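Enquirer: Sharing a structure, written as structure tokens. Questions coming.
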Amino acid sequence: MEPEPRTKHHPPLEVFLVFLRLGLTSFGGPVAHLGYFRDAFVQRLKWLDDQSYADIVAVCQFLPGPASSQVGIAVGQLRAGFPGALAAWLGFTLPSALLLALFGMSLVAMGDGFTGTWLHGLKVVAVAVVAQAVWGMGKNLAPDAPRATLAVVAAAFTVALPGPAGQVGAILLGGLIGAFLLPAGDQQGSVSRMHFGVSMRAGVISLVFFFLLLIGLPVIASLFDNTALSMFDSFYRAGSLVFGGGHVVLPLLESEVVPPGWVSDDAFLAGYGAAQAVPGPLFTFAAYLGAVSTVSPTGAVGAILCLVAVFLPSFLLVIGVLPLWGLLRSRNSVGRAMRGINAAVVGLLLAALYNPVWTYGVKVPMDFVFVLAAYLALDFWKVPPWLVVILGGVIYSFLG
């Protein structure tokens, strides 16, 4: 076997500054983020060609976790090695994480801030945002009768068996049905010609570490009465099991933090609405949840703990899968399983649209009308989500 060519690495600071700019300006969710990335890395900076960029996107869409952040980690790894991967994540994540953590700490300082009319407006707008995500993802990931049926079955399964068990079970069910019953999709090119500077040994170690944490953290957390350890376990699991982008993390995180009383329903949905008004990855919602936690750690420490925990699986998976991807994606069964999983995550988001988003956001007829108006602005008038959120909070405070 020929030795892998040595990758030329560039300064991590260069990577950090490029991704910091993207983190400050990338509004609109993961699909929009990928558009911003292509404009930056393919058209403007010439770090990649179109085919190489498409290959990286294909790798990250295969993995659970935040697709745009994982694309950023892979690009940073390609550009500047492991320090570049860390710099890319930090630059893209820092702006929204800081904004949401500060927002959460400000609400805690207000005491009764979660009962404000304007915050209920954020929860109502969140209904429209999630509804738009369900519709858009459904058209792309469940466009035919078999996959639409699978999405509805996954939603019913999740509603009937609430909590992480039902959500993980729906994902596994989707993968199994897809692998055996769905046709394979179009196969794209291979990333084997790109060299990310990750050896096969490093990839295997990273994947082993990922699974050790996924299996071992719940066991360790059950043995020790330590809230910080329990929170790290919960957020790590959420980051490990989310397929389909940032919006799908909503039901997993809700089931982890609301039932044990770490975060109230009102605080959860108010923060989710606020998360639509900031740029960058929606997974930084974890920083908000850590900041508003009712149990220790909370504030800045809680924000950092939850943020690291929810993104750590993405690092381990990206580094682990990059040297293995060419082998994995050549198997038709993997492609079929992913089509089934993608349809199942539409069902998960559909279930989340009902509970907790709709049940806690829509209380009176005016709320329903407000949802319709917000959806009209988002889907037909193409108003940016961040602007709809800000206007929603302000307008609702006057109407309420």
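The values are calculated or read from the model by the stated rules, or taken from the named source; none is laboratory data. Here the structure is a predicted model, which is why all the values come from computation and not from measurement. Note that we place each Cβ from the backbone using ideal geometry, even for glycine, and neighbour counts take in every protein chain shown.
Enquirer: Which ones in the stretch 363-382 are surrounded by fewer than 15 Cβ atoms within 10 Å (Cβ to Cβ), farther than 13 Å from residue 123 by Cβ and at pLDDT below 90?
Expert: Matches in the stretch 363-382: 379, 382.
Enquirer: Among the residues of the stretch 253-266, is any of a type in the set (S, T, N, Q), touching a residue at least 24 places away in the same chain (Cβ under 8 Å) and either over 20 Å from residue 96 (Cα atoms) or outside any helix (DSSP H, G or I) (or both)?
Expert: yes
Enquirer: Same structure again: Against the condition over 26 Å from residue 63 (Cα atoms) and part of a helix (DSSP H, G or I), how does residue 228 come out, does it pass?
Expert: Criteria met by residue 228.
Enquirer: Evaluate the stretch 337-348: report whether one residue or more is of a type outside the set (Lys, Arg), assigned to a helix (DSSP H, G or I) and over 18 Å from the mean Cα position of the chain (by Cα).
Expert: Yes, the stretch 337-348 has at least one match.
Enquirer: To continue, here is another question. So for the stretch 283-291 (the condition being among the hydroxyl-bearing types (Ser, Thr, Tyr) and more than 23 Å from residue 138 (Cα to Cα)), does at least one residue qualify?
Expert: yes
Enquirer: Which residues, taken from the stretch 310-329, are under 30 Å from residue 107 (Cα atoms), of a type in the set (A, V, I, L, M, F, W, C) and either surrounded by 23 or more Cβ atoms within 10 Å (Cβ to Cβ) or at pLDDT below 85 (or both)?
Expert: Correct list: 310, 311.
Enquirer: Kindly check whether there is at least one residue in the stretch 276-295 that is surrounded by fewer than 21 Cβ atoms within 10 Å (Cβ to Cβ) and either farther than 28 Å from residue 371 by Cα or over 16 Å from the mean Cα position of the chain (by Cα) (or both).
Expert: Yes - at least one qualifying residue is present in the stretch 276-295.
Enquirer: While we're on this one: Take the residues of the stretch 30-62 that are surrounded by fewer than 20 Cβ atoms within 10 Å (Cβ to Cβ) and not in a helix (DSSP H, G or I): which is modelled with the lowest pLDDT?
Expert: Taking the candidates together, the pick is 49.
Enquirer: Is one or more of the residues making up the stretch 92-100 within 19 Å of residue 263 (Cα to Cα) and surrounded by 24 or more Cβ atoms within 10 Å (Cβ to Cβ)?
Expert: Looking through the stretch 92-100, at least one residue is within 19 Å of residue 263 (Cα to Cα) and surrounded by 24 or more Cβ atoms within 10 Å (Cβ to Cβ).
Enquirer: Suppose we filter 168, 152, 129, 134 for residues that are closer than 26 Å to residue 265 by Cα, modelled with pLDDT of 90 or more and not aromatic (Phe, Trp, Tyr); which single one remains?
Expert: Result: 152 is the single residue among 168, 152, 129, 134 that is closer than 26 Å to residue 265 by Cα, modelled with pLDDT of 90 or more and not aromatic (Phe, Trp, Tyr).
Enquirer: Taking residue 248 as the residue in question, decide whether it is surrounded by 14 or more Cβ atoms within 10 Å (Cβ to Cβ) and not in a helix (DSSP H, G or I).
Expert: Against the criterion (surrounded by 14 or more Cβ atoms within 10 Å (Cβ to Cβ) and not in a helix (DSSP H, G or I)), residue 248 does not qualify.
Enquirer: Still on this model: Please work out which one of (1) in a helix (DSSP H, G or I); (2) over 30 Å from residue 195 (Cα atoms) is the condition residue 295 fails and give its number.
Expert: For residue 295, the failing item is (1).
Enquirer: Just to verify a result, which residue in the stretch 125-175, among those that are in contact (Cβ under 8 Å) with a residue 60 or more places away in the chain and not in a helix (DSSP H, G or I), is surrounded by the most Cβ atoms within 10 Å (Cβ to Cβ)?
Expert: Looking at the filtered set, the residue picked out is 142.
Enquirer: Of the numbered conditions (1) over 22 Å from the mean Cα position of the chain (by Cα); (2) modelled with pLDDT of 80 or more, residue 332 fails exactly one; give the number of that condition.
Expert: Residue 332 satisfies every listed condition except (2).
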